[in-house]
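Only the coordinates and a few stated rules stand behind these numbers; no lab work does. Since this is a predicted model, take the numbers as computed values, not measurements. Virtual Cβ from ideal backbone geometry, glycine too; neighbours counted across all protein chains shown.
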Amino acid sequence: MDWQASGRDETGRPDAAQADAARALAADAEALARLEPRFLRLLAAHGLPAPREAPRGLGGLVRAVVGQQLSIHAAARIWARLQALCDPGDPEALLALPPGALRSAGLSAPKIRHVRGLAEAVGSGRLDLWRLPAADEEAVAALVALPGIGRWTAEIYLLFAERRRDVLPAGDLALQLAAARLFGLAARPSERALRAMAEAWSPRRSAAAHLLWHAYRLPPV
């Protein structure tokens, strides 16, 4: 999914949060490059990727659900249609949409149920996305307890919406393919194998995820 924010405020200047995210990514990528020569070669050949972001709160989690099992372009089209219908970060606005409208935007029946369930949980106060546990694994556990939220969706939300610095969604196919190519592996690593590989990159696994997505989109180095 294309989560990169504009990074601009209403005056057109880069906003402080985006600037902070860019600085954090640069610092962590530099540390990874010192640790791993393959990341160093990637950065030397292609430079640093921009931080990829999503809105914090219901909108960011809904966007992650929309992107489940879809290509970047398909997810972006559905997200744009949903935004044209309502503010996806507003639980009342989401719940006011009839299921048929969500279906016309491109959401499948299971995703409609999950999106509406999330809106109900947020609207009722049962889910407070602004008070997730500080520990990443505890936050993942809190999110996957919700219907329709698997580990990939939870990690995508923590990485892009909360800008956590040590999260790598190892179940992501693009990350697995990029790791195989960048590290010269004979086959695409499984989620478990990529998670084990990424232990060496902690506490900067979010930057490693950005670098692997960067590698996936660009020519090999």
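Values computed for the structure shown
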{"read-out": "Longest site-free stretch - the chain; sites: trypsin sites (Lys or Arg not before Pro), DSSP loop, at most 10 other Cβ within 10 Å", "value": "1-125"}
{"read-out": "Pair-distance profile P(r), taking every C-alpha pair of the chain, with 5 angstrom steps and integer %", "value": "1, 7, 14, 18, 19, 16, 12, 8, 4, 1, 0"}
{"read-out": "Ascending count of other beta-carbon atoms within 10 Å, so fewest first, for W130, W201", "value": "W130, W201"}
{"read-out": "Estimated inter-spin distance, A31 and R151, nm [label 7 Å along Cα→Cβ]", "value": "2.4"}
{"read-out": "Normalised per residue, the volume of the convex hull around the Cα set of region 74-157 (Å³)", "value": "92"}
{"read-out": "Length released on extending from A101 to S124, taking residue separation times 0.36 nm less the Cα-Cα span", "value": "6.0 nm"}
